[in-house]
Amino acid sequence: MPEFLNPWQQFRQQMPITRRWAYLDHAATAPLSGPASEAMQAWSRQAAECGDTVWPEWENRANQVRRTAAELIGAAAEEVALVPNTTAGINLVAEGFPWREGDNVVTLANEFPSNLYPWMNLASRGVEARRVPVEGGRVALDRIADACDARTRIISASWIGYASGWRMDLDALVALAHARGVLVFLDAIQGLGVFPIDVQRLGVDFLAADGHKWLLGPEGAGLFYVRREHLALLRPLSVGWNSVVVAHDFSRIDLNLRSDAARYEGGSRNMAGLAALGASLDLLAGLGLRADRSPLADRVLDLTDDAVAGLEAIGAVVHSCREPARRSGILAFELPGRNPADVRRRCLQAGVVLSVRGGNLRISPHAYNDAEDLGRLIEVLSESERWPK
């Protein structure tokens, strides 16, 4: 009789990376899922053999990706634009918002650069980017509140800190902002694909995420959410043929912008990337990822708990907050007396993939990882005392 496989073992079989690597680096660039890889190859064959005769099929698939992505975040499809990356989504808000000189945006000092530079770039328009200090990776909401005043228009923050793994209290953040008449932009790239999020229930105003991390898609294919009531608020950037109501009638020039979020897409899409992203979205949805719940989150948190126990047993110091509501799939730690870059190099030599961020080592397992992967990590790290210094 065939061996019974639980959902996580079945998931693991959909990840070709497991044949060679203990891949614990999904907060950096994730490996493609098997379905995503197959979707890209199928698109490539079609493009080579059929050219644009199958373009309508690609267009339908892209719109299905939009619908699936919308369902996964609790949005309407009309509120989702398909964009190249998180940075593109952030800039749609930063450059499209109707700022007035003297306005300000509040963000965190330890944000990933893509969630800092677009706001800092507004200085020439008289808009101040206020960066709230973060100590020990722990975000204090009262500090965010203190940074706001009557001219604060947007609070921009990451759902999960890329270096620390701190998971934001989204209900409290949105309530804090809206009580002051401030909108919320959420960089969701380090949570989407594992943790559930319902943007309608939360009241998030804008959200962006690329597909190449926890969503297990390729680089160059992501999503941007804009709350329906804000669709006319942002000035569309990079307006092109696909931005208007008569998108497919090229002989008719009528700058009548589409009424949905697709108005922000401009021109041709990354059809190969979107096909791959859609395949991974379907895979994750099949594993139970929903806007209101996600068994993947429980699995990932269990894995990081197991990793903490193993790391502490060999003398590693864990720096990520492990409070139940704040922990995530990102775990930052150090091996006292060891150079992080050297540790990473030796891990790669042993087939274990992790990162160095903020001066610490960082692992970020997905739900398909297992005890064997964590065991390989601990085994390599436990040998560090014998490494030459």
* Structure fact -> Diffing segment 115-126: the Karplus 3J(HN,Hα) column from phi (6.51, -1.76, 1.60, θ = phi - 60°), in whole Hz with x for Gly and Pro, holds 9, 10, 4, x, 6, 5, 5, 7, 4, 5, 9, x
* Structure fact -> With +1 at each Lys and Arg Cβ and -1 at each Asp and Glu Cβ, the charge dipole magnitude of segment 67-112 around its Cα centre, to the nearest 20 debye, comes out at 80 debye
* Structure fact -> In terms of the charge dipole of the chain, which places +1 on Lys and Arg and -1 on Asp and Glu at the beta carbon, the residue among LEU255, SER37, SER124 farthest towards the positive end is SER124
* Structure fact -> Taking only the Cα positions of segment 237-389, the convex hull volume per residue in Å³ is 178 Å³
* **Mean residue ellipticity (222 nm) of the chain, computed from DSSP H runs ≥ 4 via -39,500 (n - 2.57), nearest 500** => -10500 deg cm²/dmol
* Structure fact -> For segment 40-286, whose charge dipole is built from +1 on Lys and Arg Cβ atoms and -1 on Asp and Glu Cβ atoms, the candidate among LEU92, GLY102, PRO133 with its Cα farthest towards the positive end is GLY102
* Asked: Relative contact order for the chain: what is it in percent, counting Cα pairs under 8 Å that are at least 6 residues apart?
  -> 24 percent
* Between ARG143 and ALA109, what length in nm is gained on full extension when 0.36 nm per residue of separation is reduced by their alpha carbon distance? -> 11.1 nm
* Asked: Mind checking which of ILE189, ILE314, ILE253 has the largest fluctuation in a GNM of the chain, springs on alpha carbons under 10 Å?
  -> ILE253
* Asked: Could you give the distance between the Cα centres of segment 364-386 and segment 27-53, to the whole Å?
  -> 31 Å
* Please identify the chymotrypsin sites (Phe, Trp or Tyr not before Pro) of segment 182-254 that satisfy two criteria: DSSP loop assignment and at most 11 other Cβ atoms within 10 Å. Which are they? -> PHE250
* Could you tell me which of ILE197, PRO113, GLY220 has its Cα farthest along the dipole of the chain towards the positive end, charges placed at Cβ (Lys, Arg +1; Asp, Glu -1), taken about the Cα centre? => PRO113
* To do: Find the centroid of the Cα atoms in segment 184-247 and in segment 106-131, then give the distance between the two in whole Å.
  => 19 Å
* To do: Taking the Cα centre of the chain as origin, sum charge times position over the Cβ atoms of Lys and Arg (+1) and Asp and Glu (-1), and report the length of that vector in debye to the nearest 20.
  => 580 debye
* **Where labels lie 7 Å past Cα in the beta-carbon direction, separation of GLU49 and SER268 in nm** => 2.1 nm
* Structure fact -> By the Cα gyration tensor axes a ≥ b ≥ c (a/c under 1.5 gives rounded; else a/b larger than b/c gives prolate, otherwise oblate), the shape of segment 8-82 is oblate
* Within the chain, percent of DSSP bridges classed antiparallel, to nearest 5 -> 50 percent
* When the chain is modelled as a GNM with alpha-carbon springs shorter than 10 Å, which of ALA172, ALA94, ALA145 fluctuates the most? -> ALA172
* To do: Compute the Cα gyration tensor for segment 105-198, then decide on rounded, prolate or oblate, letting a ≥ b ≥ c be the square roots of its eigenvalues: rounded whenever a/c is under 1.5, prolate when a/b is larger than b/c in the other cases, and oblate in all that remain.
  => prolate
* R0 of 25 Å, Cβ-Cβ distance GLU219-GLU372: FRET efficiency to nearest 0.05 -> 0.35
* Using a Gaussian network model of the chain with C-alpha springs under 10 Å, which one of SER164, SER355, SER44 is most mobile by mean-square fluctuation? -> SER44
* To do: Among the GluC sites (Glu not before Pro) in segment 1-97, which ones are in a DSSP loop with at most 16 other Cβ atoms within 10 Å of the Cβ? Mind listing them?
  => GLU3
* To do: State to the nearest 20 debye the size of the charge dipole of segment 282-347 about its Cα centre, where the only charges are +1 on K and R beta carbons and -1 on D and E beta carbons.
  => 220 debye
* To do: Report, to two decimal places, the Cα Rg of the chain normalised by 2.2 N^0.38 Å (N = number of residues).
  => 1.02
* Structure fact -> Checking segment 227-310 for trypsin sites (Lys or Arg not before Pro) in a loop per DSSP with at most 11 other beta-carbon atoms within 10 Å yields ARG252
* **Linear extension gain, ARG100 paired with LEU255, 0.36 nm per residue minus alpha-carbon span** => 53.2 nm
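Bear in mind that the values in this text are calculations on the coordinates, not laboratory data. Just so it is clear, the model here is predicted, and its values are computed rather than measured. Positions of Cβ are generated from backbone atoms using ideal geometry, with glycine treated the same way; all protein chains shown enter the neighbour counts.
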